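Accompanying notes for the structure given below.
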Amino acid sequence: MRFSQQQLDELVNTPKRVSKAPPRELRQDSQYLRGELELTTRDDDLMFPVFIRQSAVFDENFSVGMNYTDRESGLTFGLIRCNGKHGGQKEHPHHAGFHVHYMQADDINDGIPDPRLVVQTTDYASLKSAIRYFLRRVGVPEDEIQKYCPFEQPTLFEM
Amino acid sequence: MKARELLTEQFGDFVRLEEKRPNIQQVYAPLYHEDGDMIDIFLDIPRDADLDPQQTVRLSDHGLSLMRLSYHLELDTQNKQKVFRKLLVENGLSEAMGELYLDTRAGSLYPALMQFSHAIAKVCNLRILKRETVAELFYEMLNEAVVDLLRDYNPVPRVCPIDGRDDLEADWELTANGIPVYLFGIKDTAKARLATLTCQAYQLNKLRFQSAVVHEDFGAIPRKDIARLTSACDKQFPSLADFREHSQQFMARISQSLKS
């Protein structure tokens, strides 16, 4: 199946609800912490697994991302992924910064299942604020975000 | 300027070390994953360390490669673990508590860096093998399902009910009230045809049995092969998911009908 950019954008933007709650605490798996949750569209038609990962060694290295499995082809790919400061990227090779990866239609249609469009961001500065930003970005309503990720007073390091 | 000089200069200019933590230097080099993120490589040395060429230096990912891989793939079966371990061995990497590393002499740091980065890229791309590994995993998953769900029916793998005919093998034999139920996993057309022949041979040899097949993808088998298989066997599960959902009921019904 071929995707248009509009279809991919709709998959990201369409309103969703939390169908499987995130864990209260991330659990350790070898050298990183992890958690999963599930989002579905309002009509329960589409399901999106979401992963949360944070290095247990470098806590600024984290990732919150949403995958999608195309029913027709069975292909699973990443739609959007919010990253912490893990190092450089092709567009900004010389410094680490918070950034968001987006899947592009040209890439998935060429069989590249990784989101390659990278956008630097200042919309979050920690894993917790990244999770809130991510949920907002993919269309989860504010009351659900507050329910599962209650706002906390940011520490000095998050400001 | 000659190309060699250009490359040496440009690569040299690009590469730098930044202290990530005390005694852990992150390597910034033009080595990227498919999504454009730089490959995470660290040297476990102090900042501005003076290295003797014979000194051992560790290149490490500090667990970040398996973290990245877990975005899309879990190494949660023996087969996936086997593929992962083979990749490490083939590429000279070691693993401890989820950290991938390569110990090298400082005098060979550059080739080791190349070797390490290539290997890390392969590990993080294991998900690309997912489809191929899934195809091979079908039998592994079927076996797990049989053992998990149907242990009450004494599953025995790889049986040849006709003496002297080891070419007519059933993937599993289950027993329902003393009567064997032969189970076949069908991954492709070749196996569909073999299962058809095998069931027909069992019938010709007047064996008392029931037969069932589990398709990996029912829709992938050509119509005529499906027709022949339908004629030869007693029950078809169109997918592994369907088998997981209905196999226990199926065996219970077989047991009941044979009882009465």
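Considering only residues of region B:72-86 that are of a type in the set (D, E, K, R) and without any contact (Cβ under 8 Å) to a residue 12 or more places away in the chain, which is nearest to A:Arg34 (Cα to Cα)?
Keep residues of region B:72-86 that are of a type in the set (D, E, K, R), which gives B:74, B:76, B:80, B:82, B:85-86.
Adding the requirement that they be without any contact (Cβ under 8 Å) to a residue 12 or more places away in the chain leaves B:74, B:76, B:82, B:85-86.
Details: B:Glu74: 12, B:Asp76: 15, B:Lys82: 23, B:Arg85: 22, B:Lys86: 26 Å.
Out of the qualifying residues, it is B:Glu74.
For region A:63-98, name all the residues that are assigned to a strand (DSSP E or B), facing chain B (nearest Cβ under 9 Å) and at pLDDT 80 or above.
Of the residues in region A:63-98, the ones assigned to a strand (DSSP E or B) are A:63-69, A:76-83, A:89.
Next cut, facing chain B (nearest Cβ under 9 Å) only: A:63, A:65, A:67, A:76-78, A:81, A:83, A:89.
Matches in region A:63-98: A:Ser63, A:Gly65, A:Asn67, A:Thr76, A:Phe77, A:Gly78, A:Arg81, A:Asn83.
Looking at region B:87-188, what strands (runs of 3 or more DSSP E) fall wholly within it and have at least 3 residues that are of a type in the set (A, V, I, L, M) and in contact (Cβ under 8 Å) with a residue 12 or more places away in the chain? Please lay out each step first, then the result.
On the way: elements: B:94-96, B:99-105, B:156-159, B:170-176, B:179-186.
Hits in region B:87-188: B:170-176, B:179-186.
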Per-region count, region B:240-260, residues at pLDDT below 90 and within 24 Å of B:Gln200 (Cβ to Cβ):
2
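Kindly indicate the residue of region A:38-59 that is aromatic (Phe, Trp, Tyr) and either surrounded by fewer than 21 Cβ atoms within 10 Å (Cβ to Cβ) or under 19 Å from A:Leu75 (Cβ atoms) (or both) and also farthest from the other protein chains (Cβ to nearest Cβ) among those meeting that condition. Please lay out each step first, then the result.
Filtering region A:38-59 down to residues aromatic (Phe, Trp, Tyr) leaves A:48, A:51, A:58.
Still in the running and either surrounded by fewer than 21 Cβ atoms within 10 Å (Cβ to Cβ) or under 19 Å from A:Leu75 (Cβ atoms) (or both): A:48, A:51.
On the way: A:Phe48: 13, A:Phe51: 6 Å.
Of everything passing the filter in region A:38-59, A:Phe48 is farthest from the other protein chains (Cβ to nearest Cβ).
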Quick one: is B:Gln78 more than 24 Å from A:Arg27 (Cβ to Cβ) and either more than 10 Å from every other protein chain (Cβ to nearest Cβ) or surrounded by 17 or more Cβ atoms within 10 Å (Cβ to Cβ) (or both)?
no
Any idea which residue in region B:243-260 is surrounded by the fewest Cβ atoms within 10 Å (Cβ to Cβ), counting only those that are free of Cβ contacts under 8 Å to residues at least 24 places away in the same chain and under 30 Å from the mean Cα position of the chain (by Cα)?
B:Gln249
Filter region B:1-42 down to residues that are within 12 Å of chain A (Cβ to nearest Cβ), surrounded by fewer than 16 Cβ atoms within 10 Å (Cβ to Cβ) and among the β-branched types (Val, Ile, Thr), then give me how many there are.
1
Inter-residue pairs, beta-carbon under 6 Å, first more than 11 Å from every other protein chain (Cβ to nearest Cβ) and in region A:99-116, second not aromatic (Phe, Trp, Tyr), 6+ apart:
A:Val100/A:Cys82; A:Val100/A:Val119; A:Val100/A:Thr121; A:Ala105/A:Ser4; A:Ala105/A:Gln5; A:Ala105/A:Leu8; A:Asn109/A:Arg2
Residue under evaluation B:Asp40, criteria (1) closer than 30 Å to B:Met141 by Cα; (2) in contact with a helix residue (DSSP H, G or I) (Cβ under 7 Å, 6 or more places away or on another chain); (3) assigned to a loop (DSSP other than H, G, I, E, B), criterion not met:
(1)
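Return the total of residues in region A:95-127 being of a type in the set (D, E, K, R) and surrounded by 20 or more Cβ atoms within 10 Å (Cβ to Cβ). Quick ask: steps written out before the conclusion?
Applying the first criterion (of a type in the set (D, E, K, R)) to region A:95-127 yields A:106-107, A:110, A:114, A:116, A:123.
Applying the additional criterion that residues be surrounded by 20 or more Cβ atoms within 10 Å (Cβ to Cβ) yields A:107, A:114, A:116.
Of the residues in that region, 3 qualify.
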Looking at B:Arg68, B:Arg85 in this structure, which one is within 14 Å of chain A (Cβ to nearest Cβ), over 23 Å from B:Phe237 (Cα atoms), under 22 Å from the mean Cα position of the chain (by Cα) and of a type in the set (Lys, Arg)?
B:Arg68
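The values are calculated or read from the model by the stated rules, or taken from the named source; none is laboratory data. What you are looking at is a predicted structure, and each value in this text was computed from that prediction instead of being measured. Positions of Cβ are backbone-derived with ideal geometry, glycine not excepted, and every protein chain shown enters the neighbour counts.
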